[in-house]
Amino acid sequence: MNVLVTGGAGYIGSHTCVELLENGCGVIVVDNLCNSSAGSLDRVQEITGQALKFYQGDVRDEKLLRKIFRENHIGCVIHFAGRKAVGESVEKPWEYYDNNLNATLTLTKVMEDAGVRNLIFSSSATVYAAANEMPLKETSATGCCTNPYGWTKYMTEQILSDIAFADKRWSMCLLRYFNPIGAHESGRIGEDPRGIPNNLMPYITQVAIGRREKLSVYGGDYPTPDGTGVRDYIHVVDLAKGHVAAVKYTTEHTGCEAFNLGTGTGYSVLDIVNTFAAVNQIPIPYQITARRPGDVAVCYADPAKSAEKLGWRAEKTLADMCRDSWRWQRRNPMGYGE
Ligand code: NAD
Ligand code: WQD
C-alpha cells in the first residue's frame with residue numbers, strides 16, 4: 001500500500017518513513033521544510049535502500065494536494081505536518097491555528113474527494129486535562145489545554161471525529177504521543193531542533209556535545225520521588241512502529257479512535273540525566289531552577305488499549321533511548337546542518 005506522509009521530513013515522520021518502507025509500503029512525502037531538512041529523506045532512503053517520492057510544499061496548498069492524489073495511488077495518509085513548539089504557540093497563536101487546523105481541513109477535503117478515507121493523526125498527550133489521575137487512559141478527560149498548540153491538537157481531534165461520525169466510511173486513528181526521544185540506531189536520522197531546544201533530550205545532547213553549557217532542570221520541588229518532573233519517554237523507533245500498526249488497523253476498521261503511544265513508565269528529569277550520563281559515560285552539568293510555567297508534575301500513559309487493539313507495545317529501554325540520542329548527536333554535531 002502507498003502511504004502519504006505529511007511532515008515526513010521531520011523528526012517522527014522520517015523515522016516512520018523508515019518503518020513503512022521496511023514493511024513493504026510505498027512512501028510519498030509532502031513537507032514544506034519549515035522545521036526540517038530534505039537531507040533527512042536522503043538518509044531514510046540510504047538506511048532502507050529504497051526510494052520514496054517527495055513533494056516540497058504546504059499541506060494547506062489544495063492544488064498541490066490534488067496533484068499528489070492524482071499522481072499517486074494512495075491507500076492511507078499519516079498526518080504529521082504541523083507546528084509543535086508550545087512556547088511559540090503562545091506568542092504566535094494565529095500561525096498555529098492557521099497551520100495546524102487549515103492543514104487538516106484541506107487534507108481531509110482533498111482525501112474525501114479522492115475517496116481516500118484512512119487517516120492517522122499525530123495527536124499528543126497534551127490533549128489530556130491536567131486534573132486527571134495517572135496513568136492516562138484514552139477515556140481520561142481531555143481539554144482545558146494550557147496553550148494554543150494543545151488546543152490545535154484538541155480541536156483537530158474533534159474535527160476528525162465529527163467527520164468520521166458523519167460518514168461511516170472513514171477510518172481514523174488519533175495517536176496520542178507521550179514524550180518521543182531517541183533516534184534511529186544507524187545514527188543517520190534524529191531530532192534536529194532549530195535554535196535553543198525546548199525539549200529535555202535535545203537540550204541534554206547539546207550540553208553533552210558542548211553546544212550548551214549546562215541543563216536547567218525546571219523545578220526540584222514537585223511531589224515526585226526526586227522532586228523533578230516525571231514523563232513517559234518513548235523511543236521514536238517504537239513510536240514509528242506504532243504508526244505501521246495503525247496503518248494496518250485503519251484497513252480493518254472504520255470510525256475514529258484514540259490510542260496512547262507511550263511505554264506506561266514514568267521517569268524523572270534526573271533519571272534521564274543520570275541514565276544518559278551512565279550509558280554514554282558523559283557527565284551532564286545541571287542546575288535546578290524554577291518550575292516552567294504550564295508544566296505538570298507527572299504524566300504517563302496507560303498503553304493497554306494500543307497493546308490490545310493495535311497489537312503494539314514499546315520495546316526499547318531508557319538506556320536505548322539515551323544511547324541512540326547520543327549516537328545521533330555525536331555523529332551529527334550540527335544536525336542536518338553539516
Ligand atoms: P517536526 O517539526 O520535526 O515535524 C513536522 C514536519 O511538518 C516538519 O518537517 C515540518 O517542516 C512539516 N510541516 C509543518 N507544517 C507544515 C505544512 N503546513 N505543510 C507541510 N509541511 C509542514 O515535528 P515532530 O516532532 O516530528 O512532530 C510530528 C507531529 O507529531 C507534529 O504534528 C507534532 O505536533 C506531533 N507531536 C510531536 C511530539 C513531540 O514531542 N515531538 C509529541 C506529540 C505530538
Ligand atoms: C520534559 C521534562 C520539563 C527542558 C512537551 C510538550 C508536549 C509534547 C511533548 C508535543 C519536564 C523538563 C525540559 C529543560 C527541563 N509535544 N525540562 N529542562 O513538556 O513533557 O512535553 O513535548 O505534543 O505537548 O509540552 O516535554 O521535553 O519539554 O520536558 O527540566 O531544558 O523535562 O520541565 O519535566 P513536555 P519536555
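The values are calculated or read from the model by the stated rules, or taken from the named source; none is laboratory data. Just so you know, these numbers come straight off a predicted model, no measurement behind them. Heads up, the Cβs are rebuilt from the backbone with ideal geometry, glycines too, and the neighbour counts pull from every protein chain shown. Ligands, DNA and RNA are stripped out before the accessible areas are found, and what is left, the full protein with its side chains, is counted by its heavy atoms. Shrake-Rupley method; radii C 1.70, N 1.55, O 1.52, S 1.80 Å.
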GNM top mover of Cys299, Cys144, Cys173 - the chain, alpha-carbon springs below 10 Å: Cys144
Phi-based couplings in Hz for the stretch 13-23 (Karplus 6.51, -1.76, 1.60; Gly and Pro marked x): x, 5, 5, 5, 4, 4, 5, 5, 4, 6, 9
Rg ratio (alpha-carbon, reference 2.2 N^0.38 Å) - the stretch 190-267: 1.48
Range of Cα positions in the stretch 223-264 per principal axis (Å), largest first: 45, 22, 10
Fraction of accessible area attributable to carbon and sulfur, the stretch 254-309 (%, probe 1.4 Å): 51 percent
Highest-MSF residue in the chain out of Pro148, Pro202, Pro293 [GNM, Cα springs under 10 Å]: Pro293
log10 of Debye I(q)/I(0), alpha-carbon scatterers only, for the stretch 156-204 at 0.15 Å⁻¹: -0.65
Using distinct alpha-carbon pairs, which all enter the 1/r mean, Kirkwood radius of the stretch 78-120 in Å: 11.4 Å
Whole-number percent relative contact order across the stretch 24-173, with pairs defined as alpha carbons under 8 Å at least 6 apart: 23 percent
Positive-end extreme of charge dipole, the chain - chosen from Ile204, Ile189, Val90 (charges on Cβ): Ile189
Helical contribution to [θ] at 222 nm, DSSP H n ≥ 4, -39,500 (n - 2.57), averaged over the chain, rounded to 500: -11500 deg cm²/dmol
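By how many nm would the segment from Ser216 to Ala131 grow when fully extended, if each residue of separation counts as 0.36 nm and the alpha-carbon distance is taken off?
Roughly 28.0 nm would be gained on extension.
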Under 5 Å, built H, 5+ apart or other chain: amide partners of Tyr286: Leu215
Calculated on alpha-carbon atoms, Rg and Dmax of the chain in Å: 19.0, 56
Exposed-loop-free span, longest in the chain, where trypsin sites (Lys or Arg not before Pro) count as exposed if DSSP calls them loop and at most 12 other C-beta atoms lie within 10 Å: 1-167
The stretch 166-228: relative contact order as a whole-number percent, Cα under 8 Å and 6+ apart: 13 percent
Debye intensity ratio I(q)/I(0), log10, the stretch 59-212, q values 0.08 Å⁻¹ (C-alpha model): -0.28
Alpha-carbon spread of the stretch 257-331, three principal axes, descending order, Å: 42, 33, 18
Carbon plus sulfur fraction of accessible area for the stretch 48-127, probe 1.4 Å, in percent: 50 percent
Positive-end residue, the stretch 205-338 charge dipole about Cα centroid, Cβ charges, pick of Pro303, Met334, Thr251: Met334
Per DSSP, loop chymotrypsin sites (Phe, Trp or Tyr not before Pro) in the stretch 41-124 with at most 12 further Cβ within 10 Å: none
For the stretch 7-166: accessible area per residue (Å², 1.4 Å): 42 Å²
Percent of Cα-Cα distances greater than 21 Å, calculated over the stretch 121-237: 54 percent
Cα long-axis angle, helix 39-48 against the chain (0 to 90 degrees, to the nearest 10): 80 degrees
The stretch 210-338: Rg to Rh, with Rh as the Kirkwood radius over Cα pairs: 1.03
The stretch 283-288 - phi-based ³J(HN,Hα) in whole Hz, Karplus 6.51/-1.76/1.60, Gly and Pro as x: x, 10, x, 8, 9, 7
For the stretch 43-130: span of alpha carbons on each principal axis (Å, largest first): 40, 34, 23
Angle in degrees between helix 318-331 and the longest Cα principal axis of the chain, rounded to the nearest 10: 80 degrees
Hz values of 3J(HN,Hα) by residue in the stretch 240-257 - Karplus curve (6.51, -1.76, 1.60), Gly and Pro given as x: 4, 5, x, 6, 5, 5, 5, 4, 4, 4, 5, 7, 10, 9, 10, x, 9, 10
Helix 102-114 vs. the chain, principal-axis angle (Cα, 0 to 90°, nearest 10): 30 degrees
Farthest positive-ward along the stretch 107-235 dipole, Cα basis, beta-carbon charges - from Gly143, Ala131, Ile234: Ile234
Mean Cα-pair separation over length for the chain, i.e. relative contact order, pairs under 8 Å, 6 or more apart, %: 19 percent
